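Before any comments, here is the structure.
The values are calculated or read from the model by the stated rules, or taken from the named source; none is laboratory data. Please read all numbers here as calculations on a predicted model, not as lab measurements. Cβ coordinates were reconstructed from backbone atoms using ideal geometry, including for glycine residues, and neighbour counts include every protein chain displayed.
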Amino acid sequence: MKRINVQVSHIGESRQKATPDRRFHTLETVPPSPSVRSRDAKCETQGTKYTSSGTTPCLDIDTPSLACKGTTLPSMRASSILSTAPGTRRAAFALTDWGLLTGVALIWGSSFLLIAIGLEGFPPTLIASLRLAIGAVTLALFPASRRPVDRADLPRIVLLGVIWMGFPMLLFPIAQQWISSSLAGMLNGSMPIFSAIIAAFLLRRTPGRNQIMGVLLGLVGIVAIGVPGIEGGPSVLRGTLLVLVATISYGVSVNLAVPLQQRYGAFPVILRAQVVALALVAPFGLIHAGQTRFAWGPLAAVATLGVFGTGLALLAMTVLAGRVGATRASIAIYFLPVVAILLGVFLHGEYVAPLSIVGTAVVLIGAFLASRAEAR
């Protein structure tokens, strides 16, 4: 397997250097198409360095990570829908990475409490519909969201709209009819475990000893978190299982989003996926809209959930995954249970079983082992 590095110095003039690479490559090994354009730009794709001679860096929130300004990359083939890619940065987290991670942890950690408050006035399907609609409107305000996407990549975006946006965002409010926001947050802490499993499968890499140990520890922790739910009766167990299904769906989708973010940036990918999800979920929300018990508190909670949880946090997570890879980006999820527990207990008066707290600690240790930095 070969990776082709391309340096573009002038219009119509390129230099190719083929180097053997036994690792998974981000794009198919295809020579640059005649449509490659450059205006005195020079791109260097050497491991973690992505720069441009212009004022706009190649690696930015609204700039594709693998495409410099003025350069068109070949499309991903339609047959590669179920694939992922390593991050553009293999080194230790930069300040930008830590900032993105902190924002994701705080916003998503509080989303479970916001869902619980929203359920006091809205049915679950309407909460999912409203947060998707508000999130899509928020992202549409950014001009970068309207950046074109190749038709060959639309099937992957549609798939993300189903398994990343529509399906999990519908399952969480349904599940939280029967379980507390704290328990939902603790279970969601297992996402790095599933992300690591899916990444190893899609990248066709045998997991290392630490990753295998991390996955096993994580599974033990998940069982410990769920045991009090079994004692709580069938409804609590049902809610627990729904959250786990949603979390697995997140683990799959965050891997599938990496190549798209690296090609287009986060804005156009997230917005299109949310439109797909909204088209799927909105009919169910309209059917149950008559069950609404309007109050300003639940409305404010759902609006906050849409703007930050569904709009800005998803954007930040997609950018982070494109920079450091899906597995390491999932480190942000370590902090979700802590935020969810603190908010649920102190602001919502929820009870957390001691065994669930122990299980959460075990899950986070396992997630740390499973999400170790990729080898160079």
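Residues in segment 201-235 that are within 28 Å of Pro259 (Cα to Cα) and either polar (S, T, N, Q) or at pLDDT below 80 (or both): Leu202, Leu203, Arg204, Arg205, Thr206, Pro207, Gly208, Asn210, Gln211.
What do you reckon, is Ser181 closer than 25 Å to Val339 by Cβ, among the polar types (S, T, N, Q), out of contact with any His (no Cβ under 9 Å at 6 or more places or on another chain) and assigned by TED's automatic domain parsing to the domain that holds Gly285? No; evaluated as a whole, the condition is false for this residue. The set of residues from segment 266-286 being touching a Ser or Thr at 6+ places or on another chain (Cβ under 7 Å) and either over 16 Å from Leu139 (Cα atoms) or small (Gly, Ala, Ser) (or both) comprises Ala266, Val281, Ala282, Phe284, Gly285. As a summary of the residue check, Ile230 satisfies the conditions (1) in a helix (DSSP H, G or I); (2) of a type in the set (A, V, I, L, M); (3) in contact (Cβ under 8 Å) with a residue 12 or more places away in the chain except for the one numbered (3). Entry remark, segment 140-162: residues being of a type in the set (A, V, I, L, M) and surrounded by 19 or more Cβ atoms within 10 Å (Cβ to Cβ) number 2 in total.
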